[in-house]
1. It is to be established whether one or more residues within the range 401-420 are closer than 9 Å to Ser464 by Cβ and of a type in the set (Gly, Ala, Ser).
2. Which one of the conditions (1) modelled with pLDDT under 95; (2) in a helix (DSSP H, G or I) does Lys16 fail to meet, given that it meets all the rest?
3. Being modelled with pLDDT of 95 or more, of a type outside the set (Lys, Arg), over 24 Å from the mean Cα position of the chain (by Cα) and more than 30 Å from Trp199 (Cβ to Cβ): is that true of Gly407 here?
4. Do any residues in the range 281-293 that are at positive phi have Cβ atoms under 7 Å from those of residues that are modelled with pLDDT of 95 or more and open to solvent by 10 Å² or more (accessible area, probe 1.4 Å), where the two are at least six apart or on different chains, and which pairs are they?
5. Given (1) hydroxyl-bearing (Ser, Thr, Tyr); (2) touching a residue at least 40 places away in the same chain (Cβ under 8 Å); (3) farther than 23 Å from Gln451 by Cβ; (4) in a helix (DSSP H, G or I), identify the lone condition not met by Ser178.
6. Among the residues of the range 304-341 satisfying the criterion of being open to solvent by 30 Å² or more (accessible area, probe 1.4 Å) and of a type in the set (S, T, N, Q), which is farthest from His386 (Cα to Cα)?
7. Does at least one position in the range 342-359 carry a residue that is open to solvent by 50 Å² or more (accessible area, probe 1.4 Å) and either of a type in the set (A, V, I, L, M) or more than 20 Å from the chain's Cα centre (by Cα) (or both)?
Amino acid sequence: MAANEKKQTGGREHRKPDREIALDIIMGVMEQEEFSHILLRKTFEYHGYLEKNSRKFITRLAEGTIEKAVTLDYILNRYSKIRVDKMKPLIRNLLRMSLYQLKYMSGVPESAVCNEAVKITRKRGFQNLSGFVNGILRNILRSPEQAVIPDGGSETSVSGLSVAYSMPEWLVKHFLDSYGMDITRNILKGIQEAAEDTWTTVRVNTSKIGLEQAEKLLLQEGAEVQRTLLARDALRIRGYDTLASLSAFRRGMIQVQNISSILAGQTAGVCSGNVCMDVCAAPGGKTLHLADLLHGTGSVVSRDISEKKCRLIRENKERAGFQNIKVQVWDALDFDESMAESADLVMADVPCSGLGVMAAKPDIKYRLRPEQLPELAVLSQKILNHAVKYIRNGGILLFSTCTLNPGENTKIRQWLITEHGLVPEDIRPMLPEELLCMGNNRITAADGYMQIFPSAETDGFFISRFRKMEKVQNNGY
């Protein structure tokens with residue numbers, strides 16, 4: 001119910017309980033395959049009366065239940081004679097949500113969890129199943145030893161890792177085949193840490209305000225602020241009400257952007273006066289970063305496939321007040337002859353499987369299918385065929401994705417070298433020492449690329465920088 005649609009009876013507002021709102025979100029994601037981050041935003045817009053504590057509770061409950069669904073199902077199957085996948089959708093998700101509260105949310109009264117679950121069961125028309133729901137939850141409380149899950153730190157089987165880290169088995173196997181056991185375990189652990197992280201990363205538009213000034217302003221407005229060593233001009237914040245409540249956000253001084261995404265712009269090496277293109281730009285974080293780095297000079301042509309996506313870019317552009325951005329609706333699969341060999345830099349953050357951002361978008365791991373991975377790689381190649389042609393001789397291509405799939409990353413990188421003759425460029429000078437010290441980052445950065453793995457501070461992300469040294473011929477796309 002929107003804020004202006006509140007019903008009044010005897011001076012009191014009829015509001016939907018927080019748990020029911022969370023359940024609606026979970027149902028939308030797990031049963032209708034809606035996007036979790038979009039559904040959460042729309043829910044809070046619709047229920048405009050919700051206060052900070054309610055939004056925080058609903059977010060934690062909905063996102064946590066979705067993220068832990070594989071683990072929750074494993075536990076529920078140990079208590080129920082009816083398998084989770086055979087239950088009615090509402091009962092299945094109500095039990096998931098209730099178990100998540102019992103197992104992962106300290107401070108929530110056990111009696112409240114059980115009583116509210118029974119109440120919702122009856123309210124939603126399943127009176128005859130209220131005893132079933134109550135019985136399972138009471139059994140979990142009576143026999144908690146059955147709720148033990150495998151230890152991710154020592155587990156080596158695909159099924160064990162799947163349950164320990166709540167990841168579909170086919171994705172665990174994909175990571176094992178791609179990276180081996182040690183890195184796979186670190187990936188799964190990193191996704192889990194990122195999902196539990198409570199900080200929001202923002203990039204400071206330094207053409208508008210200095211880093212220290214932005215930090216002071218955010219502190220004055222009641223936010224907790226933490227610096228990071230992994231990216232320039234980045235701060236981590238929490239403890240605020242909404243982004244719109246922060247004047248630094250309203251005035252375009254900060255932009256929500258993950259550290260990994262910030263590193264893509266940082267690696268681009270934009271120079272004053274450059275003509276830039278961002279070919280798959282929505283919602284516009286990298287576009288704004290490029291515009292900020294240009295300090296009012298040059299230009300950024302920012303494109304995406306639909307008016308809806310471009311509207312998001314325009315909203316960010318208008319809030320930030322950058323005049324050197326031109327937003328255009330354009331399908332990246334269609335070549336624009338008028339832009340041939342015109343750009344000093346092309347940013348191509350191409351559509352991908354999104355395996356690096358599953359912490360923020362847990363619906364990905366339930367929506368994605370194995371056969372989609374090679375299809376997405378082919379789509380990337382088609383987009384990149386055009387992107388390369390927009391670069392002037394001597395110009396730069398910054399190719400990036402938010403996935404961990406080598407077939408969409410290192411294999412595409414090699415294809416750009418062999419098929420298009422692009423020359424990789426050392427990106428070590430553009431990256432912080434703290435990042436280069438992780439794993440073999442220094443070695444790959446010398447070859448012009450880096451695979452960033454998920455952590456509390458970073459999304460999984462792939463960055464690769466090339467220089468175009470020769471005119472590229474049409475390869476038939």
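1. No: zero hits.
2. (2)
3. In short, no.
4. Between residues of the range 281-293 that are at positive phi and residues that are modelled with pLDDT of 95 or more and open to solvent by 10 Å² or more (accessible area, probe 1.4 Å), the close pairs are Gly284/Leu312; Gly284/Asn316; Gly284/Lys317.
5. Condition (3) is where Ser178 drops out.
6. Of everything passing the filter in the range 304-341, Gln323 is farthest from His386 (Cα to Cα).
7. For the range 342-359, residues open to solvent by 50 Å² or more (accessible area, probe 1.4 Å) and either of a type in the set (A, V, I, L, M) or more than 20 Å from the chain's Cα centre (by Cα) (or both): absent.
Residues are listed down the side, and each one gets a yes or a no for (1) free of Cβ contacts under 8 Å to residues at least 40 places away in the same chain; (2) touching a strand residue (DSSP E or B) at 6+ places or on another chain (Cβ under 6 Å):
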residue: Val301; (1), (2): no, yes
residue: Asn316; (1), (2): no, no
residue: Met347; (1), (2): no, yes
residue: Glu375; (1), (2): yes, no
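The values are calculated or read from the model by the stated rules, or taken from the named source; none is laboratory data. Model, not experiment: these values are computed from the prediction. Because the Cβ atoms are built from the backbone with ideal geometry, glycine has one as well, and the counts that use them run over all protein chains shown. Protein only, heavy atoms only, side chains kept; ligands, DNA and RNA dropped before computing areas. Shrake-Rupley method; radii C 1.70, N 1.55, O 1.52, S 1.80 Å.
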